[in-house]
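Scroll down for the structure; my scribbles are underneath it.
The values are calculated or read from the model by the stated rules, or taken from the named source; none is laboratory data. Predicted model only: the values in this text are computed from it and were never measured. Every residue, glycine as well, gets a Cβ built from its backbone with ideal geometry; the counts of neighbours run over all protein chains shown.
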Amino acid sequence: MENTKQAFYKSSWFKSLLIFAVIFSVSFGALKMTLLPTFVDGQSMYPTLSHLDYAISYKVGKLDRFDIVTFSYKDSILVKRVIAFQGEHITYADGVLKINDKVVKENFIKDSAKLATTQEYGNIDYVVPKGEVFVMGDNRYGRNSLDSRYFKGISRDKIKSRGMLIIGKCDSIKNDRCKGLSFKWPKKVK
């Protein structure tokens, strides 16, 4: 009986299984440290992201203009698009975005969303403070996006992840969890 146990532990099958388990554990740990699962709750990023989309994003790194990011705001995690960086002067009036007095094209925005202004979310003239970024949702019509037009810049240390790879759709969200996930072919969002 003892020889059988020793033979099993010395077998190439057991060694292969052990190597696979170690590689899987290390890989899973590395992915967990670099990727963040995210679900979209709301329409603030429509049409780029839809309500109940399930995505994977990268835990921070270098930010570029128009990157989609997740960040902490009060007791929530929000998903928005980076518009401007520290020291940049941003104006947004009548659907026209200007950064440092230059008109910026936003091809990812529907024309109807560009025309939206309300008293709380209206025109803006703002210089982004040091250590902060200015973010906006893609669905700017009415009050569809709680973003930097309302709460101004956000500190870079509140940013959790950037980029989105949509991998599925939730049937519903309950207790901050995606229920009934159906997978679809990944769609990278820029």
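If the condition is being assigned to a loop (DSSP other than H, G, I, E, B) and either modelled with pLDDT under 75 or more than 24 Å from Ser72 (Cβ to Cβ) (or both), then segment 164-190 contributes Asp171, Asn175, Asp176, Gly180, Leu181, Lys190. When Ser161 is tested against (1) touching a residue at least 40 places away in the same chain (Cβ under 8 Å); (2) within 15 Å of the chain's Cα centre (by Cα); (3) not in a strand (DSSP E or B), exactly one condition is not met: (3). Here Asp125 meets the list (1) farther than 30 Å from Ala93 by Cβ; (2) at pLDDT 75 or above almost entirely, failing just condition (1). Does Ile77 satisfy the condition of being farther than 21 Å from Lys152 by Cβ and within 10 Å of the chain's Cα centre (by Cα)? Spelling it out, it is not the case that Ile77 is farther than 21 Å from Lys152 by Cβ and within 10 Å of the chain's Cα centre (by Cα).
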